[in-house]
Amino acid sequence: CVLCGRTDDCPKKYGEKKTFVEYNVTVHYYCLLMSSGIWQRGAEDEGVDGFLFADIRKEVKRAAKLKCNICKKKGASIGCAVPKCKRSYHFPCGIQKECLFQFMEDFRSYCWEHKPVQKIPDKECKGSSQCTICLDLIEQLPLYSVLRSPCCKNAWFHRECLQYQALSAGIFFFRCTVCNNMDKFQKEMLRMGIHIPEKDASWELEENAYQELLQCYQHCDIERCLCKTGRDYNEPDSKWEIKRCQCCGSRGTHLACSSLKSWEQNWECMECRSIFAKSGNYSKQKKRSLATTYKTDGTTCLFEEPSPKCPRQSSGTQHSFLLQSPKRMCQNNSNLELPASTRVAMSLSPMMSNRKWSLRKRHLAKERREASNILKALKLQITTKTTRLNINAENIWNSALKGFRKRSFSPTNTIEIKFTNCKNRLKTDTAVSKHHFFQLLMLHLQNSSLFEGSSAKNLSLDFQAVRENLYFEAGKMIAVSLVHGGPSPGFFSKTLFNCLVYGPENVKPTLEDVADVDVGETIKMIKYANSLSSLKTTIHDCYEFLAAAGCLRPVTELCDKNMLVDDILNYHVIKRIILPLESFRQGLKTLGVLEKMQAHPDEFSSILCHKPERLSAETLCNLFAIHSSSDVNQVGGANFWMIYLKEVESGESAVTLEDVLLFATGSLSIPPVGFDPEPTVKFLHIRYPIGNRLLNCLELPLTKTYEAFKKKMEFTIRNVLRVERE
């Protein structure tokens with residue numbers, strides 16, 4: 001460049017670099033614009049955008065006499081606009097020294113001492129917030145690299161982010177990212193040195209940028225497409241005509257594949273239905289785009305769930321009561337008073353409630369089995385290559401973090417755990433080590449500062465954890481635990497789970513999601529205000545909190561409190577933790593877990609939002625496959641085993657079912673992915689029971705009487721577990 005002497009070609013930083021061979025001139029556009037002794041005296045198509053070549057040569061000669069106050073070299077064509085200041089500098093040197101260049105009016109430049117600064121009261125500088133463009137943390141200070149929106153007090157930006165956005169959006173689309181104000185925002189940004197080019201937005205200038213909008217989606221996305229010609233086959237005015245989702249238009253189905261009688265009938269894809277379900281627009285019952293049911297004669301038939309726009313019974317009817325438990329009804333309709341008929345039904349039908357609870361338990365168990373099959377498919381990624389982690393049980397988090405961050409660690413490797421004592425000497429390795437490690441790790445995460453809440457937890461906001469990327473590591477650990485045979489967390493709130501699966505923009509939090517007592521009380525005071533005056537008084541008392549949350553809104557009627565409550569909940573539960581949430585999501589992508597969660601939300605909800613089902617005698621009977629020999633039935637070994645489990649379940653034993661499972665497998669609960677290998681029971685001629693945890697095999701003694709069998713079981717299990725605990 002003839003003005004700055006640099007060869008850099010960086011349009012976003014120095015403007016377009018133009019070369020004119022016939023005039024022997026190469027120049028950066030910004031260097032030309034900001035030079036103090038040159039003006040556009042020609043038309044736009046003359047010289048360099050109106051700057052005549054003769055004038056450029058004169059400016060080069062003038063600048064050759066001036067020394068740059070920054071790099072001390074000649075050719076400083078830009079001077080400070082303050083009359084008493086005699087500093088001169090090159091454009092790139094000025095950027096390096098944080099000089100300010102105004103791309104408007106007379107294109108003034110200000111040196112590092114005289115540049116304009118945004119006036120921000122000290123009380124409004126409250127530590128850190130997020131850049132509303134890149135979402136990284138930003139210090140709320142009047143620095144050169146930090147700018148605040150003139151129209152939104154809580155909107156802060158990196159200068160570099162703003163400049164890139166301005167270059168992309170152009171003068172017609174560059175505006176405040178929070179409130180969309182254009183005039184006031186552009187005026188302030190120009191004053192603070194942001195260059196806003198007079199051009200259309202870059203996305204408007206792309207050739208054929210919106211070409212796909214002219215194409216209609218023609219593909220059947222139903223899980224079991226019935227069309228023999230293929231999913232892309234479309235025959236108008238027939239049952240093989242493709243009907244697109246009426247909401248998004250990006251999914252389709254053959255009329256026959258979804259049992260649609262005509263093209264006019266409404267149809268929504270599963271993605272849109274899930275969004276509707278989370279927003280409460282229609283019943284939250286489980287839906288499948290294509291389900292299988294059984295007729296009375298035993299044959300199967302395929303059917304499509306009815307459209308949410310089809311008539312449905314209201315939530316207050318007796319039929320709805322039979323389908324939903326009272327707890328779920330209260331959660332789904334927390335703002336509605338139940339009809340009197342339903343309240344009577346609740347009080348008069350305990351048998352009905354028990355039946356519903358039993359159905360709910362069976363449904364949850366079915367979903368857990370399906371989740372187990374999904375995790376087993378993910379477990380196929382695990383290789384035989386081993387990674388050893390040395391774990392200090394007294395400092396489980398730091399030692400686990402160190403192990404997971406090792407360069408040699410890979411989630412697809414088989415994990416081997418070695419516990420160390422306080423002297424850092426390796427203990428004897430057992431098959432229980434990995435189970436025990438993941439149990440301790442999940443328990444630590446549940447009680448850590450990364451989460452908040454009582455039993456159902458949401459993510460908390462911990463800036464130290466954000467800086468150290470701990471949310472990512474926590475998500476990664478949970479994903480690894482699920483696939484490698486550890487326990488599931490079981491403490492996710494429904495709101496946290498929905499944010500992970502459906503995206504935070506599609507989730508509506510409730511008051512139960514607020515863990516902060518003071519914030520919860522503030523929301524309650526607003527929610528239960530019974531007059532406009534009391535509502536305004538409450539808002540005045542918590543003005544600073546509402547302003548910091550960006551939730552201030554004009555209140556003219558009492559009903560305005562509902563929108564205000566929604567705003568506060570959305571900020572406190574979701575927007576406030578958007579950065580930890582995204583980091584946590586990235587961690588859960590390990591081994592493809594998040595992708596499967598999004599594809600099978602009901603199945604994963606059963607293991608992430610619910611504690612493991614309490615063990616029963618029936619569960620353990622089904623879990624352990626009996627390997628019997630010819631003489632087992634003669635002494636009743638299998639019958640003794642089943643009777644013993646029943647007595648343990650009913651409390652007639654000194655041990656619990658969890659103790660039995662721990663003795664045999666080293667785990668207190670059944671992992672979501674199941675056991676590998678499958679647990680077995682063998683009846684042998686031995687004196688006492690043996691728990692082979694390496695093979696998940698329970699070897700039991702053959703006895704003549706049940707009393708002898710029970711005595712040996714209890715003696716062995718109690719003593720083995722007591723020694724291990726000590």
Legend entry - Cβ-based charge dipole, the stretch 617-725, positive-most Cα from Asn719, Phe663, Asn622: Asn719
Legend entry - Length-normalised contact order for the chain - Cα pairs under 8 Å, 6+ apart - percent: 7 percent
Legend entry - Residue (of Thr387, Leu461, Val555) at the positive-pole extreme of the chain, dipole from beta-carbon charges: Thr387
Legend entry - More than 15 Å apart - percent of Cα-Cα pairs taken over the stretch 565-614: 62 percent
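How large is the accessible surface per residue of the stretch 13-101, computed with a 1.4 Å probe and reported in Å² as a whole number? Show your work: numbers first, answer last.
On the way: 4820 Å² over 89 residues.
For the stretch 13-101, the per-residue accessible area is 54 Å².
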Inset, instruction - Place a +1 charge on the Cβ of each Lys and Arg in the stretch 17-110 and a -1 charge on the Cβ of each Asp and Glu, then give the dipole magnitude about the Cα centre in debye, rounded to the nearest 20. - result: 900 debye
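Over the chain, consider all pairs of different Cα atoms and compute the Kirkwood hydrodynamic radius from their mean reciprocal separation; express it in Å, one decimal.
32.0 Å
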Legend entry - Over the stretch 545-690: Rg over Rh, Cα atoms, Kirkwood Rh: 1.26
Legend entry - Restraint check, Lys379/Lys596; Lys476/Lys589; Lys67/Lys97; Lys402/Lys596; Lys379/Lys457; Lys72/Lys115, Cα-Cα greater than 18 Å: Lys402/Lys596; Lys379/Lys457; Lys72/Lys115
Legend entry - Relative contact order of the stretch 17-110, pairs being alpha-carbon contacts under 8 Å that are 6 or more residues apart, as %: 20 percent
Legend entry - Packing rank of 708-719, 199-210, where each peptide gets the mean count of other beta carbons within 10 Å, highest leading: 708-719, 199-210
Legend entry - 222 nm mean residue ellipticity, helices alone, for the chain (DSSP H n ≥ 4; -39,500 (n - 2.57); rounded to 500): -11500 deg cm²/dmol
Legend entry - lysines with Cα under 24 Å of Lys712, excluding same-chain neighbours fewer than 8 positions away: Lys646, Lys682, Lys704
Inset, instruction - Divide the volume of the convex hull of the Cα atoms of the stretch 128-204 by its number of residues and quote the answer in cubic angstrom per residue. - result: 80 Å³
Legend entry - Coarse-grained scattering of the stretch 617-725 at q = 0.18, 0.19, 0.22, 0.24 Å⁻¹, given as base-10 log I(q)/I(0) from a Debye sum over alpha-carbon atoms: -0.85, -0.96, -1.33, -1.60
Inset, instruction - Return the carbon/sulfur percentage of the accessible area of the chain, one whole number, probe 1.4 Å, all protein chains in place. - result: 51 percent
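Rounded, prolate or oblate: which fits the stretch 17-110, taking a ≥ b ≥ c as square roots of the Cα gyration tensor eigenvalues, rounded meaning a/c under 1.5, else prolate when a/b beats b/c?
Prolate is the answer for the stretch 17-110, as a/c is 1.5 or above and a/b outweighs b/c.
The values are calculated or read from the model by the stated rules, or taken from the named source; none is laboratory data. Just so it is clear, the model here is predicted, and its values are computed rather than measured. Virtual Cβ from ideal backbone geometry, glycine too; neighbours counted across all protein chains shown. Keep in mind that these areas ignore ligands, DNA and RNA; they rest on the heavy atoms of the full protein, side chains included. Shrake-Rupley method; radii C 1.70, N 1.55, O 1.52, S 1.80 Å.
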